[in-house]
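Input: a single structure, listed below in structure tokens.
Each value in this text was obtained by applying a stated rule to the coordinates, not by laboratory testing. Since we're looking at a predicted model, the values are computed, not measured. In this analysis, Cβ positions are derived from the backbone assuming ideal geometry, glycine residues included, and neighbour counts consider all displayed protein chains.
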Amino acid sequence: MAQSKSNLGTSNSLTDIAGLVVGNATCETTRTGVTVIRCQTPMVCAVEIAGGGPGTRETDALAPENLVDAVDAIVLAGGSVYGLAAADGVVSALGAAGAGFGLSNVPGIPKSPIVPSAILYDLANGGNKNWGEEPPYRELGKQALTNASTQFAQGNAGAGYGALAGAIKGGLGSASITTQDGFRVAALVVVNCFGSVLVPNSNQLWAAPFEQENEFGYQPEPTRTGGFDPEDWGAAKVNPGARQNTSLAVVATDLALTPAQAKRMAQMASFGLARAIRPIAAPFDGDVVFALATGEQKEHEVDAFTLARIGSLAADCVTRAIGRGIGAARSIGTHQCWSDIQHKQQD
């Protein structure tokens, strides 16, 4: 193994994995949005569901023993159960373009795009949800797919637009790493957690030790030392109790993984949530982690040790993506962002 230092990717985001593009669409009136991760060629995918209250679509199809072993896109959406309709818009658009899985190539029989999705709860964030029988998510899904690019906004963007991270504004964040020996790992996270991203009685992010090159923004000195009450959840949504929750993540690598290896990557990556959010994976959380493998770098053998490295780096990228999402978020209404809270304390 080379001894040179691992580096952040070019954009320090999920799209540093070649073949992936990301699109966001938001509705400011309803304070919600959709994020689409488009695989420009079908990619191996797996999922780990950590939370006790998930909302998902087509995740059963990702089991290693099942027929389909690659996906065309992943959809992350606000809107709770209404948000699952975002995948309808993406599937329709991809199918019309000829993408998807087909058992036969007989004319007139459309292919079936494989688009797993997961939703978060943002129904009580103050936006106007009086949409009657026409929730906006199908159209938002199509718009997000149209917007897919290697460049995308973080913070109040896509599925992160109406997200809340405990008692402060949440958002969408992304991070990547290029290893010493040249392969890449990246993550995208929508932070809408029940738990707190801040250390109790301080302004410090739990993710702070994992920050690279000041990617989160201003990091204050810790305002407390020593231990804290194990029952003190700090700036959680309730301390303790239940409200609207769920953090959604996508991790990816450019190595060639089997479905079973991608599953291990997703499992290891899910622990990156626990480094940045406390508590995590509660009964009322819907935390979901998808893992993608492009297979671009087929020359790298993925043995058990390499897979451990991939999973560890994926967890680190998840933690860093949470920090970046919180750092990029901006206040909406009464929901203050971390940046504004810091500046007020400085004043």
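Starting with the fewest neighbours, write out I326, I114 ranked by other beta-carbon atoms found within 10 Å of each beta-carbon. Intermediate results must be reported in sequence, preceding the final value.
On the way: I326 30, I114 24.
The most exposed by this proxy come first: I114, I326.
In units of the compact-protein estimate 2.2 N^0.38 Å, the range 105-211 shows a Cα radius of gyration of 1.41. In percent, rounded to a whole number, the relative contact order of the chain is 24, using alpha-carbon pairs under 8 Å and six or more apart.
Phi angles of the range 120-135 translate, via the Karplus equation with coefficients 6.51, -1.76, 1.60 and θ = phi - 60°, into HN-Hα couplings of 10, 9, 10, 6, 10, 9, x, x, 7, 9, 7, 9, x, 8, 10, x Hz per residue; Gly and Pro are given as x.
Beta carbons within 10 angstrom, averaged per residue: use that to sort the peptides 303-310, 87-94, 31-38, 118-125, highest first.
Working: 303-310: 15.0, 87-94: 22.1, 31-38: 29.5, 118-125: 25.1.
Peptide ranking by packing, descending: 31-38, 118-125, 87-94, 303-310.
Summed over qualifying helices (DSSP H, 4 residues or more, each -39500 (n - 2.57)) and divided by its residue number, the chain shows a 222 nm mean residue ellipticity of -7000 deg cm²/dmol.
Computed from backbone phi, the HN-Hα couplings of the range 189-196 come to 9, 9, 9, 9, 7, 5, x, 9 Hz, rounded to whole numbers (Karplus: 6.51 cos²θ - 1.76 cosθ + 1.60, θ = phi - 60°; Gly and Pro given as x). Here the range 1-72 yields Rg over Rh of 1.06, to two decimals, using C-alpha coordinates and the Kirkwood radius.
Counted by neighbouring Cβ atoms within 10 Å, the residues W131, W206 run from fewest to most as W131, W206.
Once the convex hull of the alpha carbons of the chain is built, what does its volume come to per residue, in cubic angstrom? Display every interim value, and only then the final one.
Values: hull volume 46.8 nm³, N = 347.
Per-residue hull volume (Cα only) is 135 Å³.
For R330, the residues 5 or more places off, or on other chains, whose built amide H falls under 5 Å of its own are N156.
Phi-derived couplings, Karplus 6.51 cos²θ - 1.76 cosθ + 1.60 at θ = phi - 60°, listed residue by residue for the range 262-277: 5, 4, 5, 4, 5, 4, 5, 4, 4, 6, x, 5, 5, 6, 10, 9 Hz, with x used for Gly and Pro. Packing here is the average count of other Cβ atoms within 10 Å per residue, and on that basis the peptides 165-177, 101-113, 58-70, highest first, run 165-177, 58-70, 101-113.
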